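The values are calculated or read from the model by the stated rules, or taken from the named source; none is laboratory data. Computed from a predicted structure; not experimentally measured. Methodologically, a virtual Cβ is constructed for each residue, glycine included, from the backbone with ideal geometry; neighbour enumeration extends over all protein chains shown. Heavy atoms of the whole protein, side chains included, go into the accessibility calculation; ligands, DNA and RNA do not. Shrake-Rupley method; radii C 1.70, N 1.55, O 1.52, S 1.80 Å.
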Amino acid sequence: MYDLSKARRAHCLRAALVCALAVIGVTAQAQSAYPDHAVRLIVPQSAGSGADVVARLLSEKMASALGASVVVENKPGANGIVATSYVAKAPADGYTLLLAGVSQMSFNPKLYKSLPYDANKDFAYIAPVVDTPFVLVAGKNSPYKTLPQLLAAAKASPDGITFASAGAGNSTHLSTEMIAAGAGIKLKHVPYKGSGPALNAVIGGQVDVMTSVLGSALPQIEGGNVVPLAILADQRAGDLPNVPTLKEAGIQAPAMPGWFAVVGPAGTDGAIISKLNAAIQAAISDPATNKKLKDLYFVPLKGSAQAMRTRAEDDAKVWGDFIARTGVQVD
């Protein structure tokens, strides 16, 4: 006797299988078609900043590798919080990415009691891009021509020496606080809205010193507008062979990280991440792009998404401990 219920169950199972295969097919097709329109690369700093320069160099070669345009959009504000929270809330489809800096991913979670994003949970890491050293500079008319002179003056007059930064909690802020802690001195913080205005304040003599990304400061050093006092890296800079590292100057402090990495919203598909990682690695490996980055003292980085996440977590621990120990605050 024919079992109607059994036949119906078999029919339902076949229908379900067909639907499942259709969904898998559509998903695979969507992934293979990615990207089929422009990808947005959000930069948490203003036009002309170091991050902006890196993004625009990266975007051109990424577009070639992906077969779709990569549009750079600047969303500065609140130490990168504006841009970072914007990307955290974007669809996880690979079309809205962030050129995230160490400040946004490793420092901010330790500096702010409340953030509109979770650096660990809200993002999918895609690829490292570059790292960069920092340099401590004073204005050309400053009485401080060497680091020992600056330290002696600071010890004689606590809080009498001012330092500029690109904003409270920024790498340029924490790096100078690190120098002060390592040297046992106190400096007065004067935050600005961006690295350009901060460096101009040092050049103009409104502020005594600043820790700057080397690539941004080097033209001003070569032009005689600022005086380099120390390199915040494990070794001296090739273009500044006579400028000592902090360690050589007797200050024990960790090298300041200055990395940028591309991240996307959490939940971004693994196949899309792999495709983007390959495009980014191809971009920074391009001989012309690689040379331009190195000429600006950006060190191209290669690696996996997971390796970049691990580095961000390690930096968050090191600098989180420093922030807790020294009581650095955003003001």
Scanning segment 235-286 residue by residue, those within 25 Å of VAL318 (Cα to Cα) and basic (Lys, Arg) turn out to be ARG236, LYS247
In segment 40-57, residues that are over 11 Å from the mean Cα position of the chain (by Cα) and open to solvent by 20 Å² or more (accessible area, probe 1.4 Å) total 7
With the condition kept exactly as written, say whether any residue in segment 320-330 is in contact (Cβ under 8 Å) with a residue 24 or more places away in the chain, under 18 Å from the mean Cα position of the chain (by Cα), part of a helix (DSSP H, G or I) and buried (at least 19 other Cβ atoms within 10 Å of the Cβ).
no
Among the residues of segment 135-161, the number that are open to solvent by less than 30 Å² (accessible area, probe 1.4 Å) and in contact with a Leu (Cβ under 7 Å, 6 or more places away or on another chain) is 8
Per the filter on segment 223-240, residues modelled with pLDDT under 95 and open to solvent by 50 Å² or more (accessible area, probe 1.4 Å) are ASP234, GLN235, ARG236, GLY238, ASP239
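For segment 239-282, give me each residue that is small (Gly, Ala, Ser) and under 23 Å from MET178 (Cβ atoms).
In the first step, residues of segment 239-282 are kept if they are small (Gly, Ala, Ser); the result is 249-250, 253, 255, 258, 261, 264, 266-267, 270-271, 274, 278-279, 282.
Of everything in segment 239-282, those that are small (Gly, Ala, Ser) and under 23 Å from MET178 (Cβ atoms) turn out to be ALA249, GLY250, ALA253, ALA255, GLY258, ALA261.
Please specify each residue of segment 90-115 satisfying the condition of being part of a loop (DSSP other than H, G, I, E, B) and touching a strand residue (DSSP E or B) at 6+ places or on another chain (Cβ under 6 Å).
Initially, segment 90-115 is screened for residues part of a loop (DSSP other than H, G, I, E, B), giving 90-95, 112-115.
If the condition is that a residue be part of a loop (DSSP other than H, G, I, E, B) and touching a strand residue (DSSP E or B) at 6+ places or on another chain (Cβ under 6 Å), then ALA90, ALA92, TYR95 are the ones that fit.
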The condition from (1) without any contact (Cβ under 8 Å) to a residue 24 or more places away in the chain; (2) over 25 Å from GLY184 (Cα atoms) that LYS317 misses is numbered (2)
Of those in segment 201-219 that are open to solvent by 30 Å² or more (accessible area, probe 1.4 Å) and at pLDDT 95 or above, the residue nearest to THR146 (Cα to Cα) is ASP208
Requested in this report: For segment 58-67, indicate whether the set of residues that are closer than 18 Å to ILE273 by Cα, within 16 Å of the chain's Cα centre (by Cα), at pLDDT 95 or above and open to solvent by less than 10 Å² (accessible area, probe 1.4 Å) is non-empty.
Outcome: yes
SER274 passes all but one of the listed conditions (1) in contact with a Leu (Cβ under 7 Å, 6 or more places away or on another chain); (2) open to solvent by 20 Å² or more (accessible area, probe 1.4 Å); (3) under 30 Å from LYS61 (Cα atoms); the exception is number (1)
Quick count over segment 100-128, residues being among the small types (Gly, Ala, Ser), more than 22 Å from GLY270 (Cα to Cα) and open to solvent by 10 Å² or more (accessible area, probe 1.4 Å), is 1
